Amino acid sequence: MLTESERLNTDRPDLCPFLKWKGQFVISEPDPNGASERSGAFWCLYTQTCIGPDGGVVEPVDCASPDRKCYGTGEA
C-alpha cells in the first residue's frame, strides 16, 4: 500500500499533462510548518473535477500511466 506522500507525488516522469493541482499556481516558498501543497486538490482539465473522463480518480499515482484510456486524450 502506498503512503499519502507517495500517492500524491507530482514528480513522476509520465504524469498526464492534463492533471492540474493548486501547487502549480502558488508562487511562494514552501512553509515547512504549514500544510503541504500536495494536499489533494487535483483536477483534470478535461472534466474540471477530481474525476477523470474514464470515471477514475484524478491523482498523480493514477494519472501517471499512458495505459489509462483518458491519458492525454480526454477519452472516456
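The values are calculated or read from the model by the stated rules, or taken from the named source; none is laboratory data. Worth saying up front: this structure is predicted, and the values here are computed from it rather than measured. Every residue, glycine among them, receives a Cβ derived from its backbone with ideal geometry; neighbour counts consider all protein chains shown. Accessible surface areas use protein heavy atoms only, side chains included; no ligands, DNA or RNA. Shrake-Rupley method; radii C 1.70, N 1.55, O 1.52, S 1.80 Å.
Remarks
- Note on Ile51 and Glu29: with the Förster distance fixed at 22 Å, the Cβ-Cβ geometry gives a FRET efficiency of about 0.10.
- Packing-based ranking of 4-11, 56-63 yields 56-63, 4-11, ordered from highest to lowest mean Cβ neighbour count within 10 Å.
- Annotation: Asp14 carries an accessible surface of approximately 70 Å², with a 1.4 Å probe and no ligand, DNA or RNA atoms counted.
- The label-point distance for Lys22 and Thr3, in a model that sets each label 7 Å from Cα toward Cβ, rounds to 2.2 nm.
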